[in-house]
Amino acid sequence: MAQDPTKSHFPIDQRAPSTRRVAGVALIPTTPRMAPRLLACVIFAAAGKSWASNDELLGGGELDAAASLASDDQCASGDEDCALNALQLRGQRVRGEAAGDARWGSCLVSKGCGKYKRGAPCQCNEKCTEHGNCCYDYTMVCNTDDSDDEDGPSAPSPAVPVAPLSGKIYGHPSKTKYPSHPGFTLMLVEDFDTPIDLDSDPIWTWSDGGLIEGQIRFTKENIKFEDGKMRIEVTATPAQGTQKCSAAEVAEIKPMPKASGEMRTRYNMFRYGRYEARLKAPSVQTGNTLINGNYVSTMFVFRDGKYKHWREIDFEITGDSTNSITTNVLSADNTDKWSANIADSKQIAVTYNDRADFHDYAIEWLPNSITWYIDGKKVRKYRGNKIPDLSGKIMMNLWLFDDRALFGGPHIKNNRYPMYSEYEWFRFYKWNGEDSYPCADMDSSCLTSDDMYLTKNNPCDGIKQEGTVYGKTACQTTCR
């Protein structure tokens, strides 16, 4: 059964209750737009009140801090760098004074991209990334990089700043500091230092699925937590105890000759944000990372059930070479058959052996763009018409194509088992402009009936399979 997320492995702080059931964002009642922002800040702070417009949401704490610090500029004139740095730091102090609403300022409203805004509680210029006081929508609104998925990789990113934990972090974090990203708030961490009970964990579970075009069936037993890592293993024997009907696939699956694993979140409750995992792809044969074979090792976001709304954003590391990685975005309705016109895929060739060591893979999903990063370097940016707008589940798996080896690498006969991928950690940072997902406490309280459509993962997850498959009753499983 679900555990109380405020106890045991959910250690962080307690914030003021929000006015909506949305994790990480405390929305305050909206009032009509008022006259000039700074004057409004001072007047309402003095009166002990707070205000918000349709475009910008501020908590009373931010206003009080803005008023109290309005005249503390250390370098109000003179040296430009001195003034800018001091004022940037003041904005950072404003944020530190008021640990409230994550949407505490807007670059869209202020039209301040590239400028310093005197008296503002947050900033929209490049130095805000150094001082950690960027407005919540800085990344999306002020991104001057108009590159698309044809431009190729960017130069390496600067070192990511590390910050102490702030706010309520879900999952099983084992560190006190994690990297920070402007415009995003860390919400979910898995360091894999302790095993996760995938039958009772409130966030994560396992899949009983298996791709029709593959040769494996997913099972809980093939997801292991060892030596501070999650290990997903393909074995050469069929999965034990499986049922003909797959709850995750919502279909009957033929017997598969091999078994593997897929760890996934329980509900369709993740949307705009930054998804990161540090992982190592499988060696096709033990002790030799240069032999090519067939596998697909993943980290992705996927919406269940695909029969109604198929939405997907992927990182797929494949076995055709030591440096073959595919990025993919997919959007389609009322179909369960893949075709080229519902997806936009791009293969990325990296300069390292992805089987020899661990590397960081990240996806930034925003309303108007998706950006893929490897080891902090942008490798693709997509701005097309397939950007999903519906929430999904986080998934990590390892699977093989059938003997045709049409994807994942042609040299499938080189495969030796067991074969496994390893994950050192996973992190999810919510975009600060997101006001609907995830639900508060990472539960299902804010989910719609459409979010819950055919969302069951395995026979024993306690989730009711709601909905039909093209008007027909979904096949049923039994917890044993």
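Packing order of peptides 261-270, 470-479, highest average first: 261-270, 470-479 (average count of other Cβ atoms within 10 Å over each peptide's residues). In the context of the full set of protein chains, segment 441-480 has a per residue accessible area of 53 Å² (1.4 Å probe). So, counting K/R as plus one and D/E as minus one, what does the shell of residues with Cβ under 9 Å around F302 add up to? Local net charge: +2.
Per-residue packing, averaged as other Cβ atoms within 10 Å, sorts the ranges 387-400, 230-243 into the order 387-400, 230-243, beginning with the highest. Subtracting the Cα-Cα distance of E252 and A356 from 0.36 nm times their residue separation leaves 33.7 nm of extension gain.
Applying 1/(1 + (r/R0)^6) with r as the Cβ-Cβ distance of S449 and T473 and R0 = 22 angstrom yields a FRET efficiency of 0.80.
First select every other residue whose beta carbon is under 13 angstrom from the beta carbon of G241; then total the charges, Lys and Arg +1, Asp and Glu -1. Computed value for this residue: +2. A simple spin-label model places pseudo-atoms 7 Å from Cα toward Cβ; at K115 and K337 they are separated by 5.5 nm.
From most to least packed by mean Cβ count within 10 Å, the peptides 246-256, 285-295 give 246-256, 285-295. Taking M452, M187 and ordering them by how much accessible surface each has at a 1.4 Å probe, largest first, produces M452, M187.
Convex hull volume of the C-alpha atoms in segment 253-319, normalised per residue: 135 Å³.
For segment 188-343, the extents of the C-alpha atoms along the principal axes are 44, 37, 36 Å, listed from largest to smallest.
In this label model, K224 and D435 are separated by 4.8 nm, measuring between points 7 Å along each Cα→Cβ vector. Residue pairs exceeding 18 angstrom between C-alpha atoms, taken from K177/K224; K168/K456; K306/K393; K280/K393; K393/K456: K177/K224; K168/K456; K280/K393. Using a 1.4 Å probe on the protein chains only, how many percent of the accessible area of segment 162-473 belongs to carbon and sulfur? On segment 162-473, the fraction of accessible area on carbon and sulfur atoms equals 48 percent. Full extension of the chain between D403 and Q243 yields a length gain of 55.3 nm, computed as 0.36 nm times the residue separation minus the alpha carbon distance. Against the compact-protein benchmark of 2.2 N^0.38 Å, the Cα-based radius of gyration of segment 162-473 scales to 0.93.
The values are calculated or read from the model by the stated rules, or taken from the named source; none is laboratory data. Source: prediction; values computed, not measured. Here Cβ is always computed from backbone atoms with ideal geometry, including for glycine, and neighbour counts include all displayed protein chains. SASA here: full protein model, heavy atoms, side chains in, ligands and nucleic acids out. Shrake-Rupley method; radii C 1.70, N 1.55, O 1.52, S 1.80 Å.
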